[in-house]
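Engineer: First the structure, then my questions, so here it is.
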Amino acid sequence: QVQLVESGGKLVQAGDSLRLSCAASGRTFSRYVMAWFRQAPGKEREFVAAISLSGRTTNYADSVKGRFTISRDNAKNTVYLQMNSLKPEDTAVYYCAANSRIMSVYYKDYGYWGQGTQVTVSS
């Protein structure tokens, strides 16, 4: 099992940068594919980015490609989401997720979730 705690969300202006962190408990962090999802009010939870066990492979939603970067530090049991050139449409609750099987863009494939951190981008 793994427990996830996100941090770093806040109110920023359009064009700003922000880095989210997700700290995982347990000693098996390196065995989990990690991902970030987000959910805006009235919308479904959507995939943002995922990273492989080693960190060598990443995948991004088209809407964030070139602006967001996912990374992980297995020694610190932490996954990050660096968000640059933020837009008002990036406003959402951002969730960290983990699964032990595949790099997936579907939230139903992830069995472990954090509580979320709010990111608000003002125009």
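Engineer: Restricting attention to region 26-35, does a residue exist that is modelled with pLDDT of 95 or more, open to solvent by 20 Å² or more (accessible area, probe 1.4 Å) and under 13 Å from the mean Cα position of the chain (by Cα)?
Structural biologist: So far as region 26-35 goes, no, none of its residues is modelled with pLDDT of 95 or more, open to solvent by 20 Å² or more (accessible area, probe 1.4 Å) and under 13 Å from the mean Cα position of the chain (by Cα).
Engineer: Still on this structure, I have one more. Would you check which residues across region 14-73 are basic (Lys, Arg) and part of a loop (DSSP other than H, G, I, E, B) and list them? Write out each step before concluding.
Structural biologist: Keep residues of region 14-73 that are basic (Lys, Arg), which gives 19, 27, 31, 38, 43, 45, 56, 65, 67, 72.
Listed by number, the residues that qualify are ARG27, LYS43, ARG45, ARG56, LYS65, ARG67.
Matching residues to (1) under 16 Å from SER21 (Cα atoms); (2) open to solvent by less than 70 Å² (accessible area, probe 1.4 Å); (3) of a type outside the set (Val, Ile, Thr); (4) at pLDDT below 95:
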{"position": "ASN84", "(1), (2), (3), (4)": "yes, yes, yes, no"}
{"position": "ALA92", "(1), (2), (3), (4)": "yes, yes, yes, no"}
{"position": "TYR95", "(1), (2), (3), (4)": "yes, yes, yes, no"}
{"position": "ILE102", "(1), (2), (3), (4)": "no, no, no, yes"}
{"position": "TYR110", "(1), (2), (3), (4)": "no, yes, yes, no"}
{"position": "GLN115", "(1), (2), (3), (4)": "yes, no, yes, no"}
{"position": "GLN118", "(1), (2), (3), (4)": "yes, no, yes, no"}
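The values are calculated or read from the model by the stated rules, or taken from the named source; none is laboratory data. Keep in mind that what you see is a predicted model, and the values were worked out from it rather than measured. The protein model used for the area step is the full one, side chains on, heavy atoms only, and it has no ligands, DNA or RNA in it. Shrake-Rupley method; radii C 1.70, N 1.55, O 1.52, S 1.80 Å.
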